[in-house]
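Written below as structure tokens is the structure these notes are about.
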Amino acid sequence: MITYSFKSPSEAVAAPPTLYPHDPSLEHYRALAGNGGIDVLDNVRNSVVVSLGTTLATLVLSILAGYGFARLRFPGSNVLFFATLVTFMVPFQALVTPLYLLLDEFGLLNSLLGLTLVYTTFQLPFGLFLMRNSFAAVPRSLEEAARIDGCGHLQTLVRVMLPVAVPGVIATGLLAYFTAWNEFFAALIFVNEQERFTLPVTLSVIAAGALGSRNWGVLQAGVTVTIIPCVIIYVLLEKYYVGGLLSTLKK
Amino acid sequence: MTPPTGLGRGAAPRRTPARAGVRLAGAALTAPALAMIAVFFYVPLVTMLWMTLHDWPLLGERRFVGLRNYRDALDDVAFRNAVLFTFEYTLISTPVLLVLALALALLVRRSGHAARFFQGLYFMPVVIGLAAGSFLWLFLFQSDIGPVSHLADRLGLTSRNTDWFADKTSALLVVIAMVTWKVVGLQMLLLLAGLQAIPAEVEEAARVDGANKWQTLRHITLPLLRPTLALVLVFSVAGSLLAFDQFFIMTSGGPTNSTITAVYEIYRTSFIQFKLGLGATFSALLMIVLVLVSALQLYLLRSSEPGSEP
């Protein structure tokens, strides 16, 4: 795929295919960056905004609520925790039609904010679950020591609990990031303007032949741009991600 | 009211103000997440059920039609075909995935650098999006220019320029291969977590008693792994029932609408034909199936569990 993206346009569609680019060329990337009527840089930015937004929102909300559900029981907390877990059973694909109307009502169709809110909501159950388990595994004595030193709930959470729960935090964050970066169905339906598309939807525009006939070289360049950030992040943080998921799932 | 379990036993001071503070803090910290879920999950859920009772075009008059949408949905040939195809896809892909994931999990189960390396390697495709993966494989299997098609030709497996996507069976096989490549690492990881939770002594004891590897797996490991297997199975079936990206991108539903899935049909009905009421009814039916499948699988796997577990 990567080698294909560097081939010259004629070589990329050669039959039989060549093993490596005999005539390396950046033409496909130039086409991606605006020469062919699509400015993919906009879409890269959209994907980054939505993914980082989803990650940040998911982390903040799951950390707060995960701690709340793990340690600060309040009347009805069990029922409410169950109500969040129900969302596991009904994924957003089954709710896409009413979600469309809801976003329309809020004026959030064609908006990156709307997409971020939907992604965050459907990341929350798993994030909550992961964070609740991570916090539940922290020895209570640590918390009590902090309480005696005069920390409030938030201070205890930030200073004492969070540092111990780092693997869970990283796993939750990465999961949210990867999901938002890669999501296709909601992005396809909730956003209709090319300049607001995220990368996966942009790929489908390229594949549909927005640049004249279907251009495989440009598509491969687009796929490369979509995949590489995930692979790099994964390789760098693999230890924490796989390890964090494993240790949380084992409980 | 009795105090909620888990809080008591001297963990918190017995003074009432502190207890009230804990409750208030708990409610405050969980409120933002719960509000999000209420607005973007429960409101749409109720809206959907409301919509199923209406003739609901994108623009124009909404009309209450009672249960007519449900009758229309069950009579709808396109929807019925989509549901049948979705079940077909699920029935084929689920066992393939499960067996392969279990084999991989058993292979990478040992500790050590090599095992860690392969865990990481098999998991890698999981972080690549289903859409991006679909585009990648769509290209690999193109006739003329796709490297895999070319390789298959060279090896004499296919005749020249086979169009993998012109035939329903081969298109389905390519999609299942892609999804397996993409998802098997995640299932492997889940099963690995289950395997690592089994105490080593149990399996060692079986081996000491003269059980061979296969017998140990069959009679000791798999029964103990049952809860994890149930979980993986539920995830897998639910994922397959929701399939959309891979067929939208790789087959476009073709040839001749033979690979339209349930979600694909919801998309077409709601967002191409703009029959939102009927689309919502399809969604409601899909949701009911998903909830039933999850409940049934969990129930079956729980109830067949041997009761004598320590």
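The values are calculated or read from the model by the stated rules, or taken from the named source; none is laboratory data. Keep in mind it's a predicted model, so treat the numbers as computed, not measured. A quick note on method: Cβ atoms are made from the backbone with ideal geometry, for glycine too, and the neighbour counts reach across all protein chains shown. All accessible areas refer to the heavy atoms of the entire protein, side chains included, with ligands and DNA or RNA removed. Shrake-Rupley method; radii C 1.70, N 1.55, O 1.52, S 1.80 Å.
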Here is a check on your reading of the model: is A:Tyr100 open to solvent by 10 Å² or more (accessible area, probe 1.4 Å), within 24 Å of A:Val225 (Cβ to Cβ) and assigned to a helix (DSSP H, G or I)?
no
Quick one: count up the residues across segment B:137-152 that are at pLDDT below 90, assigned to a helix (DSSP H, G or I) and more than 8 Å from every other protein chain (Cβ to nearest Cβ).
5
Run down A:Phe81, A:Phe69, A:Phe126 and say which single residue is open to solvent by 10 Å² or more (accessible area, probe 1.4 Å), at negative phi and at the interface with chain B (Cβ under 10 Å from one of its Cβ atoms).
A:Phe81
Does segment B:117-136 contain any residue that is among the β-branched types (Val, Ile, Thr) and part of a helix (DSSP H, G or I)?
yes
A:Cys230 passes all but one of (1) facing chain B (nearest Cβ under 10 Å); (2) surrounded by fewer than 21 Cβ atoms within 10 Å (Cβ to Cβ); which number fails?
(2)
Can we say B:Ala73 is open to solvent by less than 60 Å² (accessible area, probe 1.4 Å), without any contact (Cβ under 8 Å) to a residue 60 or more places away in the chain, farther than 17 Å from B:Ala243 by Cα and part of a helix (DSSP H, G or I)?
no
Could you list, in sequence order, all residues of segment B:205-245 that are open to solvent by less than 60 Å² (accessible area, probe 1.4 Å) and facing chain A (nearest Cβ under 10 Å)?
B:Thr228, B:Val234, B:Ala238, B:Gly239, B:Leu241, B:Leu242, B:Ala243, B:Phe244, B:Asp245
Counting only helices (runs of 4 or more DSSP H) entirely within segment B:188-282, those with at least 2 residues that are among the aliphatic types (A, V, I, L, M) and closer than 29 Å to B:Ile176 by Cβ are B:222-241, B:245-250, B:262-271
Whether any residue in segment A:201-211 is in a helix (DSSP H, G or I), among the small types (Gly, Ala, Ser) and in contact with a Ser or Thr (Cβ under 7 Å, 6 or more places away or on another chain) is what I want to check.
no
Which of (1) in a loop (DSSP other than H, G, I, E, B); (2) open to solvent by less than 60 Å² (accessible area, probe 1.4 Å) is the odd one out, the single condition B:Leu102 does not satisfy?
(1)
So A:Gly168 passes all but one of these: (1) away from chain B (no Cβ under 11 Å); (2) open to solvent by 10 Å² or more (accessible area, probe 1.4 Å); (3) not hydrophobic (A, V, I, L, M, F, W, C). Which condition number does it fail?
(2)
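Here is a yes/no grid of residues against (1) more than 7 Å from chain B (Cβ to nearest Cβ); (2) within 21 Å of the chain's Cα centre (by Cα):
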| residue | (1), (2) |
| --- | --- |
| A:Asp39 | yes, no |
| A:Asn43 | yes, yes |
| A:Ser51 | yes, yes |
| A:Leu56 | yes, yes |
| A:Arg73 | no, no |
| A:Gly76 | yes, no |
| A:Phe88 | yes, yes |
| A:Leu101 | no, no |
For segment A:162-177, which residues satisfy the criterion of being in contact (Cβ under 8 Å) with a residue 60 or more places away in the chain and not aliphatic (A, V, I, L, M)?
A:Pro167, A:Gly168, A:Thr172, A:Gly173, A:Tyr177
